[in-house]
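Q: Structure provided below as structure tokens; questions to follow.
The values are calculated or read from the model by the stated rules, or taken from the named source; none is laboratory data. Keep in mind that what you see is a predicted model, and the values were worked out from it rather than measured. All Cβ positions, glycine included, derive from the backbone under ideal geometry; neighbour counts span all protein chains shown. When the accessible area is computed, the model is the full protein with side chains, heavy atoms only, and any ligands, DNA or RNA have been set aside. Shrake-Rupley method; radii C 1.70, N 1.55, O 1.52, S 1.80 Å.
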Amino acid sequence: MMFGCRALPALVLAIVLSAPAVAQDVKTVPQSHTEMQLSFAPLVKQTANAVVNVYAERAVERRSVFAGDPFFEEFFGQRMPNRTEKQSSLGSGVIVRRDGIVVTNNHVIEGADDIKVALADGREYPCKIVLKDDRLDLAVLKIEADGPFDIIPIGDSDAVEVGDLVLAMGNPFGVGQTVTSGIVSALARNQISNGDFGFFIQTDAAINPGNSGGGLINMKGELIGINTAIFSRGGGSNGVGFAIPANLVKVFVGSAEGGGGSFIRPFVGATFEPVTSDVAEALGLDRARGALVAAVQPGGPAANAGIKPGQVVTAVNGISVEHPDALGYRLTTVGIGHEARVTVTEHGEARDIILKLEQAPETAPRDERLIEGRNPFAGAVVANLSPRLADELRMPTSLQGVVVTEVNRGSPAARIGLGPKDIVRSVNGTPIDNSKTLESAVAEDASFWRVEIERDGQLIRQFFR
């Protein structure tokens with residue numbers, strides 16, 4: 001079969017000939033000796049001296065297996081002494097201030113009696129703890145020596161994108177300073193740790209035991225995260241590691257430098273739940289994301305700003321909020337004393353609300369009391385609940401009443417199973433509204449005790465003689 005062809009007009013032919021060629025992405029091998037020598041080495045040299053090894057030692061008392069045995073104590077003529085042993089933990093840290101301020105993970109130095117850091121050049125210095133927080137799993141140390149020290153500047157973790165090249169630096173398995181490379185695999189990961197912090201940068205750069213507290217560094221030599229956790233079945237790296245974002249680290253370091261014994265989070269006065277696909281469909285949302293307002297406390301910052309149950313928070317200061325943990329992270333990085341522009345969606349319409357971030361109030365004096373005497377609560381320390389105390393105990397800030405904050409070992413309270421966070425609701429029919437009322441109620445020499453305890457939202461009734 002033959003196809004005839006006819007000549008194109010001259011003008012059309014000129015246009016066709018002058019049209020640019022379609023660009024195509026072509027992969028090529030290195031074209032020069034210079035390209036073949038590209039390396040992360042200059043970046044490592046720039047940052048290595050600011051990544052330190054953290055050595056923490058703690059004294060642990062080992063109870064003798066014969067302690068309390070009357071035969072052995074009588075035979076030896078004395079009580080069997082307990083042994084004191086030293087336990088060591090090894091991790092990493094990053095120097096972020098020239099005067100020797102080091103950031104690491106709280107679990108690296110938790111319970112430590114003696115902490116030292118070792119620099120990449122072999123120098124070792126003692127350290128003191130400036131601030132630590134087990135919920136964020138962050139700690140700030142101060143090198144007890146004169147600087148200046150090399151530092152890694154804290155970058156902007158909000159500028160990080162999936163696919164960015166990163167380096168992970170630390171001391172895995174105690175073998176010495178090690179550098180691994182990878183990319184940012186994901187952002188805003190939650191449900192990673194046992195704490196209440198749920199906003200991590202995920203990376204495939206190899207992170208192993210001992211890397212905790214080390215730095216996740218971008219190609220500018222900036223700290224974008226503190227390496228914290230891994231997903232692993234065998235204890236080694238499977239390419240799924242997590243780092244605490246640098247913007248939270250920056251706020252935490254600022255709190256440490258400002259003094260104060262604890263890191264204080266903003267109080268919102270509301271509780272939030274994840275937006276499921278069913279909830280998103282019912283509310284007319286195009287996708288399941290955001291934080292659903294489940295309840296609002298009267299008189300709190302959320303109520304004063306006009307936030308209501310049923311609304312969905314979708315952004316803070318223009319940055320998308322994926323889940324309630326992300327909302328908590330965004331508000332924490334804004335900080336107490338500032339205002340946040342919160343975007344809420346209701347009936348398919350979005351609007352911005354200005355939310356003032358405050359410290360959780362202590363609406364009732366704590367009035368901590370140690371209960372003594374012949375009663376089931378003897379040996380328990382109790383206090384009046386307030387939003388501030390509830391936040392410290394990781395309890396819903398809307399709870400009220402008298403809460404157990406501590407129970408002495410071997411006490412009557414411990415023997416009946418009383419524990420921290422238990423709320424005492426009544427004793428022998430008397431409602432307990434404050435710690436003084438509880439102390440008065442148990443002062444009676446009763447032969448029979450009827451007690452009501454609230455634990456994790458469940459009411460427990462117990463009877464004792």
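Q: What aspartates and glutamates sit close enough to K45 to cross-link, taking a C-alpha to C-alpha distance under 15 Å and skipping anything fewer than 8 places away on the same chain?
A: Within the straight-line limit of under 15 Å, K45 reaches these aspartates and glutamates: D121, D150, E222.
Q: Which parts of segment 126-162 would a label at S88 reach, counting a residue when its backbone N lies under 16 Å from a point 7 Å out along Cα-to-Cβ?
A: Counting backbone N atoms under 16 Å from the label point, the list is 126-127.
Q: What figure, in Å² to the nearest 10, do you get for the accessible area of S440 with a 1.4 Å probe and non-protein molecules left out?
A: 70
Q: Find how much the distance from T430 to D121 grows on full extension, using 0.36 nm per residue of separation minus their present alpha carbon separation; answer in nm with one decimal.
A: So the extension gain works out to 104.6 nm.
Q: Another one. Between E57 and D146, what length in nm is gained on full extension when 0.36 nm per residue of separation is reduced by their alpha carbon distance? Each step should come with its number before you reach the end.
A: Details: separation 89, 0.36 × 89 = 32.04 nm, distance 2.32 nm.
Full extension from E57 to D146 adds 29.7 nm.
Q: Just want the answer: with Cβ charges of +1 for Lys and Arg and -1 for Asp and Glu, which residue in G93, A206, P148 is farthest toward the dipole's positive end in the chain?
A: Value: A206.
Q: Also, quick follow-up: Need one word for segment 164-256: rounded, prolate or oblate. Basis is the Cα gyration tensor (sqrt eigenvalues a ≥ b ≥ c); a/c below 1.5 gives rounded, then a/b vs b/c decides.
A: Taking the square roots of the gyration eigenvalues as a ≥ b ≥ c, segment 164-256 is rounded.
Q: Oh, and also: Take the alpha carbon gyration tensor of segment 220-341, find the square roots of its eigenvalues, order them as a ≥ b ≥ c, and report rounded if a/c is under 1.5; if not, report prolate when a/b exceeds b/c, else oblate.
A: oblate
Q: Moving on. What nm distance separates the two modelled labels at A295 and I353, each placed 7 Å from Cα along Cα→Cβ?
A: Placing both labels 7 Å beyond Cα along the Cβ direction yields 1.7 nm.
Q: A follow-up question, please. Using a 7 Å offset from the Cα along the Cα-to-Cβ direction at both T34 and A282, what is the distance between the two label points in nm, to one decimal?
A: Using points 7 Å along Cα→Cβ, the separation is 6.3 nm.
Q: Continuing with this model, one more query. Once you charge only the Cβ atoms, +1 for Lys and Arg and -1 for Asp and Glu, what is the size of the charge dipole of segment 164-256 about its Cα centre, to the nearest 20 debye?
A: 40
Q: Grab the DSSP H runs of the chain that are 4 residues or longer, score each as -39,500 (n - 2.57), total them, divide by all residues and round the 222 nm result to the nearest 500 deg cm²/dmol.
A: Calculated from helices alone, the mean residue ellipticity at 222 nm is -4500 deg cm²/dmol.
Q: Please compute the per residue accessible area over the chain with all protein chains in place, 1.4 Å probe, rounded to a whole number of Å².
A: 55
Q: Please get the size of the charge dipole for the chain, origin at its Cα centre, with Cβ charges of +1 on Lys and Arg and -1 on Asp and Glu, quoted in debye to the nearest 20.
A: About 360 debye.
Q: Turning to a different aspect of this structure: Rounded if a/c is under 1.5, else prolate if a/b beats b/c, else oblate: with a ≥ b ≥ c from the C-alpha gyration tensor eigenvalues square-rooted, which is the chain?
A: Oblate, since a/c reaches 1.5 and b/c is not below a/b.
Q: I would also like to ask the following. To the nearest 20 debye, what is the magnitude of the charge dipole of segment 369-464 about its Cα centre, counting +1 on the Cβ of each Lys and Arg and -1 on the Cβ of each Asp and Glu?
A: 180
Q: What base-10 log of the normalised intensity I(q)/I(0) is obtained for segment 270-357 from the Debye formula, alpha carbons as equal point scatterers, at q = 0.13, 0.22 Å⁻¹?
A: The Debye formula, applied to the Cα set alone, gives -0.36, -1.05.
Q: Carbon and sulfur: what percent of the chain's accessible surface (1.4 Å probe)?
A: Looking at the chain in its full context, I get 51 percent from C and S.
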